[in-house]
Amino acid sequence: MPGPRSPSKPLPPARVIAAAMAALLLTGTGLLMLPVSSPGPGSPRRVGALFTAVSALCVTGLTVVDTARDWTVFGRVVILALIQIGGLGVMTLATLLGLLTARRLGLTALVRASGESRTALEEARSAVRGILLLSLGTEALIAATLFPRFLLGHHMDAGAAAWYSVFHSISAFNNAGFALRSDNLMSFASDPWVLLPLAVANIVGGLGFPVLVELGRRYRVPHSWSLGTKLVLTATPLLLAAGAAYTAVMEWDNPGTLGALSPRDRLVNAFFHSAVSRTAGFNALDIGQMRPETWLFTDVLMLIGGGPAGTAGGVKVTTVLVLLAIVRSELRGDPFVLIRGRRLSRALHRQAITVLTLMLLSIGTVTLLMVDLESHSLDRILFEAVSAASTTGLSTGITADLSDPSKLLLCLVMFAGRVGPVTLGTALAVRRRPLLYEPPKERPLIG
């Protein structure tokens with residue numbers, strides 16, 4: 001007689017996250033393939049619908065079809081919904097990562113995650129409410145700022161101005177980069193009243209929910225901020241300034257980009273390009289006309305991305321700063337790694353190295369495969385691969401011309417670039433392999 005069935009083992013959080021995102025992706029692709037989503041007869045090609053759904057859900061912004069021309073209002077609403085779900089989902093999952101893994105890390109971690117007087121469940125509910133209020137509130141504020149400009153400055157009727165304001169504010173805060181015009185935002189290149197609010201939304205969304213919450217609660221006592229908040233707030237302005245300065249210097253006299261604008265508009269657009277390179281994906285300048293040196297520097301900005309638990313992609317500024325601290329400590333011969341007087345655990349060293357290594361491997365693999373598939377130059381293909389893996393969405397203009405195999409490769413790397421960091425962080429946090437013996441040590445030559 002068979003014994004009682006053992007309770008089923010719960011699925012790992014990483015697998016649940018990936019499965020949920022895949023289900024949303026299939027749903028979005030199906031909706032975009034409906035005839036009601038396309039203005040022409042029939043439904044759009046499967047690859048085009050899949051690519052658009054992946055790009056929207058992963059808040060990337062790369063497109064193989066014209067968002068303004070090739071999708072109906074229904075199709076654009078589906079895209080907007082995928083952007084909102086993707087942005088909120090990533091912020092929520094990344095913010096709750098510690099709470100999701102705390103139950104697997106023992107009593108001490110659980111107490112730290114839940115606080116002194118509240119349970120982990122209450123903390124999770126509070127975090128979700130905070131994310132929703134912060135996201136919707138910021139999007140509403142940006143939309144309210146853009147509405148009068150679209151209405152009066154660009155002579156739109158009230159309905160069109162409201163739609164433009166809401167769509168672009170959601171796309172900006174979620175670092176998605178989708179726009180409602182065929183040239184993205186190039187027709188607004190001389191309008192700082194449109195570009196600067198969108199840049200602010202990009203930056204705020206990219207800071208990350210934990211940083212924004214801590215700023216709201218302790219803005220008067222910066223000495224009490226956590227190390228993560230200090231790192232993000234230190235790196236963000238430096239990267240923005242460096243990107244703006246480099247773009248201005250390299251493109252100032254380029255007639256295809258900044259050279260065609262007034263001095264004021266050149267400065268505004270240099271700053272805007274720096275902001276959207278981490279990792280919003282809007283473009284008010286023709287990226288395809290930029291110098292290769294600017295592409296390469298933009299690759300670096302896209303790879304770095306924004307802050308943890310935010311809507312920006314990339315490997316995150318904290319990961320880069322941890323790696324730089326490791327290098328500095330190794331060069332100095334320090335016995336441990338310090339950042340701002342705080343010692344970093346060795347587990348954190350390994351996690352940072354793992355995240356960057358996997359990102360570089362994915363970019364390198366896709367680039368090598370696409371070089372064999374496409375006739376475009378290496379710098380353009382590398383730009384596309386970095387943009388997809390970091391979920392940025394900037395393009396030199398070759399995305400729509402790529403073959404279907406290359407488009408599918410970019411879909412894969414976009415999905416991995418958005419879902420990968422969250423699932424990898426979960427897996428690294430919960431996986432603990434007990435060591436039953438001490439293996440022998442050996443030190444191979446390095447360098």
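The values are calculated or read from the model by the stated rules, or taken from the named source; none is laboratory data. Please read these numbers as outputs of a predicted model, since none were measured by experiment. Cβ coordinates were reconstructed from backbone atoms using ideal geometry, including for glycine residues, and neighbour counts include every protein chain displayed. Side chains included, ligands, DNA and RNA excluded: accessible areas come from the protein's heavy atoms. Shrake-Rupley method; radii C 1.70, N 1.55, O 1.52, S 1.80 Å.
Per-residue answers, yes or no, for (1) closer than 30 Å to Leu348 by Cα; (2) open to solvent by 20 Å² or more (accessible area, probe 1.4 Å):
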residue: Lys230; (1), (2): yes, yes
residue: Leu267; (1), (2): no, yes
residue: Phe272; (1), (2): no, no
residue: Phe282; (1), (2): no, no
residue: Arg291; (1), (2): no, yes
residue: Lys316; (1), (2): yes, yes
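Restricting to segment 349-374, and then to whatever is over 30 Å from Ile398 (Cβ atoms) and buried (at least 16 other Cβ atoms within 10 Å of the Cβ), can you tell me which residue is modelled with the lowest pLDDT? Steps first, answer last, please.
From segment 349-374, those over 30 Å from Ile398 (Cβ atoms) are 349-354; that's our starting set.
In the following step, the residues that additionally are buried (at least 16 other Cβ atoms within 10 Å of the Cβ) were identified as 349, 351-352.
Numbers: His349: 87, Gln351: 84, Ala352: 88.
Selected residue: Gln351.
Search segment 88-116 for residues being hydroxyl-bearing (Ser, Thr, Tyr) and closer than 17 Å to Val16 by Cα, and hand back the single one that is modelled with the highest pLDDT. Outline the logic, then answer.
The initial filter retains those residues of segment 88-116 that are hydroxyl-bearing (Ser, Thr, Tyr), namely 92, 95, 101, 108, 114.
Cutting the leftovers down to closer than 17 Å to Val16 by Cα gives us 92, 95, 101.
Working: Thr92: 75, Thr95: 65, Thr101: 51.
Ranking the qualifying residues of segment 88-116, first place goes to Thr92.
From the residues in segment 173-182 that are touching a Phe, Trp or Tyr at 6+ places or on another chain (Cβ under 7 Å) and buried (at least 23 other Cβ atoms within 10 Å of the Cβ), which one is modelled with the lowest pLDDT? Spell out how you get there, then give the answer.
So in segment 173-182, the residues touching a Phe, Trp or Tyr at 6+ places or on another chain (Cβ under 7 Å) come out as 177, 179-180.
Subsequent filtering for residues that are buried (at least 23 other Cβ atoms within 10 Å of the Cβ) retains 177, 179.
Numbers: Gly177: 90, Ala179: 94.
Within segment 173-182, the match that is modelled with the lowest pLDDT is Gly177.
List the number of the failed condition for Glu438; all other conditions in (1) open to solvent by 40 Å² or more (accessible area, probe 1.4 Å); (2) at pLDDT 95 or above; (3) of a type outside the set (Val, Ile, Thr) hold.
(2)
Considering each residue of segment 338-348, count those that are part of a loop (DSSP other than H, G, I, E, B) and surrounded by 14 or more Cβ atoms within 10 Å (Cβ to Cβ), and give that number. Quick ask: steps written out before the conclusion?
Pass one, segment 338-348, residues part of a loop (DSSP other than H, G, I, E, B): 340-341, 344-345.
Going one step further and asking which of them are surrounded by 14 or more Cβ atoms within 10 Å (Cβ to Cβ), we end up with 344.
So the count comes out to 1.
Across segment 288-303, what is the total count of residues that are over 19 Å from the mean Cα position of the chain (by Cα) and part of a helix (DSSP H, G or I)? Talk me through it step by step, then tell me what you get.
Initially, segment 288-303 is screened for residues over 19 Å from the mean Cα position of the chain (by Cα), giving 288-294.
Next, from what is left, pick out any that are part of a helix (DSSP H, G or I): 288-289, 292-294.
Residues that pass the stated criteria total 5.
Is it true that Val194 is at pLDDT 95 or above and of a type in the set (A, V, I, L, M)?
When the stated conditions are applied, Val194 passes them.
Return only the number of the condition from (1) surrounded by fewer than 17 Cβ atoms within 10 Å (Cβ to Cβ); (2) in contact with a helix residue (DSSP H, G or I) (Cβ under 7 Å, 6 or more places away or on another chain) that Tyr219 does not satisfy.
(2)
State whether the residues of segment 324-334 include one that is open to solvent by 10 Å² or more (accessible area, probe 1.4 Å), over 30 Å from Val65 (Cβ atoms) and under 25 Å from the mean Cα position of the chain (by Cα). Give the derivation first.
The initial filter retains those residues of segment 324-334 that are open to solvent by 10 Å² or more (accessible area, probe 1.4 Å), namely 324, 326-328, 330-334.
From what is left, the residues that are over 30 Å from Val65 (Cβ atoms) are 324, 326-328, 330-334.
Next, only the ones that are under 25 Å from the mean Cα position of the chain (by Cα) stay: 324, 326.
Yes, that holds for at least one residue.
Quick one: how many residues across segment 32-71 are assigned to a helix (DSSP H, G or I) and touching a Leu at 6+ places or on another chain (Cβ under 9 Å)? Steps first, answer last, please.
In the first step, residues of segment 32-71 are kept if they are assigned to a helix (DSSP H, G or I); the result is 32, 35-37, 46-57, 67-70.
Adding the requirement that they be touching a Leu at 6+ places or on another chain (Cβ under 9 Å) leaves 32, 37, 47-57, 67-68.
Summing the residues that are assigned to a helix (DSSP H, G or I) and touching a Leu at 6+ places or on another chain (Cβ under 9 Å) in segment 32-71 gives 15.
Step by step: first the residues of segment 252-263, then only those that are without any contact (Cβ under 8 Å) to a residue 24 or more places away in the chain and part of a helix (DSSP H, G or I), then the one that is least open to solvent (accessible area, probe 1.4 Å). Which residue is that? Walk me through it before giving the result.
Here is the first cut: in segment 252-263, the residues without any contact (Cβ under 8 Å) to a residue 24 or more places away in the chain are 252-253, 255, 259-260, 263.
Next, from what is left, pick out any that are part of a helix (DSSP H, G or I): 259-260, 263.
Numbers: Gly259: 26, Ala260: 78, Pro263: 84 Å².
Residue satisfying both the conditions and the ranking: Gly259.
Being open to solvent by less than 60 Å² (accessible area, probe 1.4 Å) and either closer than 19 Å to Met91 by Cα or modelled with pLDDT under 75 (or both) is the filter; apply it to segment 20-39 and report the residue that is farthest from the chain's Cα centre (by Cα). Lay out the reasoning, then the answer.
If we filter segment 20-39 for residues that are open to solvent by less than 60 Å² (accessible area, probe 1.4 Å), which is where we start, we get 20-23, 25, 28-30, 32-33, 37-38.
This time we only want the ones that are either closer than 19 Å to Met91 by Cα or modelled with pLDDT under 75 (or both), so: 20-23, 25.
Working: Ala20: 18, Met21: 15, Ala22: 18, Ala23: 20, Leu25: 17 Å.
Once the filter is applied, the top-ranked residue is Ala23.
Look through Leu185, Leu207, Leu146 and report the one residue that is open to solvent by less than 10 Å² (accessible area, probe 1.4 Å) and either of a type in the set (Asp, Glu) or under 14 Å from Val276 (Cα atoms) (or both). Before you say what the answer is, go through the steps one by one.
Values: Leu207 fails: open to solvent by less than 10 Å² (accessible area, probe 1.4 Å); Leu146 fails: either of a type in the set (Asp, Glu) or under 14 Å from Val276 (Cα atoms) (or both).
Of the residues listed, the single one that is open to solvent by less than 10 Å² (accessible area, probe 1.4 Å) and either of a type in the set (Asp, Glu) or under 14 Å from Val276 (Cα atoms) (or both) is Leu185.
Hey, could you check segment 72-87 for residues that are crowded, with 24+ Cβ neighbours inside 10 Å and of a type outside the set (A, V, I, L, M) and say which is farthest from Met21 (Cα to Cα)?
Gly87
Report, ordered by the first and then the second residue, all pairs with beta carbons closer than 6 Å, sequence separation of six or more or different chains, a first member in segment 129-148 that is more than 19 Å from Ile85 (Cα to Cα), and a second member that is crowded, with 19+ Cβ neighbours inside 10 Å.
Hits for this filter: Thr145/Pro197; Leu146/Ser165; Leu146/Pro197; Phe147/Ala161; Phe147/Ser165.
List pairs: first in segment 150-178 and closer than 21 Å to Ile83 by Cβ, second polar (S, T, N, Q) and not in a helix (DSSP H, G or I), Cβ under 6 Å, 6+ apart or cross-chain?
Qualifying pairs under 6 Å: Asn174/Thr311; Asn175/Thr279; Asn175/Thr311.
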